[in-house]
Ligand SMILES: Cc1cc2nc3c(=O)[nH]c(=O)nc-3n(C[C@H](O)[C@H](O)[C@H](O)COP(=O)(O)OP(=O)(O)OC[C@H]3O[C@@H](n4cnc5c(N)ncnc54)[C@H](O)[C@@H]3O)c2cc1C
């Protein structure tokens, strides 16, 4: 009976090392250099952060999402999930451990579909943590439905000319290259007529029109670019996937384990909120007792613990299934479900933690509003919750069948009649004994 919730001691030792390392060495980076994770390292930042990356490499924990052929350790998704839970405490941690989105997904794409030249030019610097990349898919007029994209590439001899607009291309302003999804054949279905190109950001015609900021960031100083591709000329060799029409197949590769890692990082963050909530309610007195002694507040603690524990077990079970089946398609329903649950769990827990901190909770001196805002972002980035719910529902329905009977299969009068017929002999005996 193999159903075990324990981590083997050797890997647990690595997790313990990572936990202490993140708390002591990495979390302070969030305060020393906030919001600079995706700005190429230089000066003091390079001097501080390069040695930290080296310590992660020495532990065999650098870029662990990669397969052994690319320098990774070949850890399974369950092991990666447990590591990512620790990394979720700090926004610098994924950078220091070489596993930050969107670069992880982009690296997976190039590893999977890149030619040897593309790998040399784009993949290796990415894996070395020496450059950043951007995924340029969403357009101003369409996001959740890629069949509405209009940015196009037209063949010109052995080159392609890209024209159109892309929106919310995260980190484009500091990225070395973009992976761009465009229409190459408008005469066939979007699923066959779209292609992916690798485009260096300094290619003439790549114009960042705005760097859209999220709530609280200064106007036009954010990290989500509105990009005008204005007659951008790229060679045939910039095509990804071995030819035209491969965009959807390539895009699927990005999803890999990324959503599970993200869910576990969210769990790490939500646990931090619970820790802060507990500390506060044990420390603060009002109306004759500690906050921790009020039943309202105990309800917050219990609800938060219950919500997080359920979600954590669900995500770990999903990671375990990925390892077991080694086939993401078989676990699609659960991966989409994790994406659906994630924003609500973080929102609810962060909101309660904020509330028990009173006025201090809503200031910029505590991290709660950032967490609540992060939850809202999670309901959109990588596809809106509604779209993932549709995926879940379709997958669930696939395991069920309609009945052509007027009454449902579980209609009690019929079941009762069948049960009485099945056990008639014994039922009669009982009546006889009365
Ligand atoms: C922080 C952040 C980072 C991002 N990074 C990137 C990036 O790096 N690269 C990139 O290409 N994109 C990126 N995006 C864009 C993201 O992928 C899109 O926002 C997302 O796909 C939704 O597209 P949209 O914003 O155009 O909303 P729309 O497609 O207009 O949808 C708006 C709303 O309509 C509803 N809706 C949509 N479809 C359905 C449906 N089928 N059924 C029911 N309701 C529906 C939902 O409520 C949805 O929120 C990022 C977004 C955010 C917030």
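The helix-based estimate of mean residue ellipticity at 222 nm for the chain, built from -39,500 (n - 2.57) per DSSP H run of four or more residues and divided by its residue count, is -15000 deg cm²/dmol to the nearest 500. A straight line joining the Cα centroids of the stretch 335-391 and the stretch 393-411 runs 34 Å. Shape index of the stretch 84-191: Rg/Rh, with Rg the Cα radius of gyration and Rh the Kirkwood radius from the inverse mean 1/r over Cα pairs, equals 1.02. Taking every C-alpha pair closer than 8 Å and separated by at least 6 residues, the mean separation divided by the residue count of the stretch 149-298 gives a relative contact order of 22 percent. When you work out D = kT/(6 pi eta Rh) for the stretch 204-298 at 20 °C and 1.002 mPa s, using the Kirkwood radius from C-alpha pairs as Rh and the Stokes-Einstein form, the result is 113 µm²/s.
When 8, 382 are arranged by Cβ crowding within 10 Å, least crowded first, meaning fewest neighbours, the order is 8, 382. Computed from the Cβ-Cβ distance with R0 of 35 Å, the FRET efficiency linking residue 306 to residue 24 stands at 0.70.
Here the Debye sum runs over all C-alpha atoms of the stretch 9-100 as equal scatterers in vacuum, and log10 of I(q)/I(0) at q = 0.14 Å⁻¹ comes out as -0.47.
Dividing the convex hull volume of the alpha carbon atoms of the stretch 30-149 by its residue count, what do you get in Å³ per residue?
Hull volume over Cα atoms, normalised by residue count, gives 147 Å³.
Principal axis extents of the Cα atoms in the stretch 133-244, from largest to smallest and rounded to whole angstrom, are 44, 28, 21.
Which of 99, 131, 278 moves most in a GNM of the chain, Cα contacts under 10 Å? Greatest mean-square fluctuation among the candidates belongs to 278. Extension gain, residue 401 to residue 150: 0.36 nm times the residue separation minus the Cα-Cα distance gives 86.5 nm. Any idea what the relative contact order of the chain is, in percent, if you count C-alpha pairs under 8 Å spaced at least 6 apart? Result for the chain is 12 percent.
Just to be sure I understand: with springs between alpha-carbon atoms less than 10 Å apart, which residue in 302, 153, 111 has the highest mean-square fluctuation in the Gaussian network model of the chain? Ranking 302, 153, 111 by mean-square fluctuation puts 302 first.
Structural size metrics of the stretch 256-398, computed from C-alpha coordinates, are Rg and Dmax of 17.1, 57 Å. A straight line joining the Cα centroids of the stretch 289-306 and the stretch 183-245 runs 49 Å.
When each of 160, 411, 320, 3 is scored by the number of other beta-carbon atoms lying within 10 Å, the sequence from fewest to most is 3, 411, 320, 160. If the Kirkwood radius is taken over C-alpha pairs of the chain, then at 10 °C and 1.306 mPa s the Stokes-Einstein diffusion coefficient equals 65 µm²/s.
The numbers here are math on the coordinates, done by the rules we state, and not lab data. Please read all numbers here as calculations on a predicted model, not as lab measurements. Positions of Cβ are backbone-derived with ideal geometry, glycine not excepted, and every protein chain shown enters the neighbour counts.
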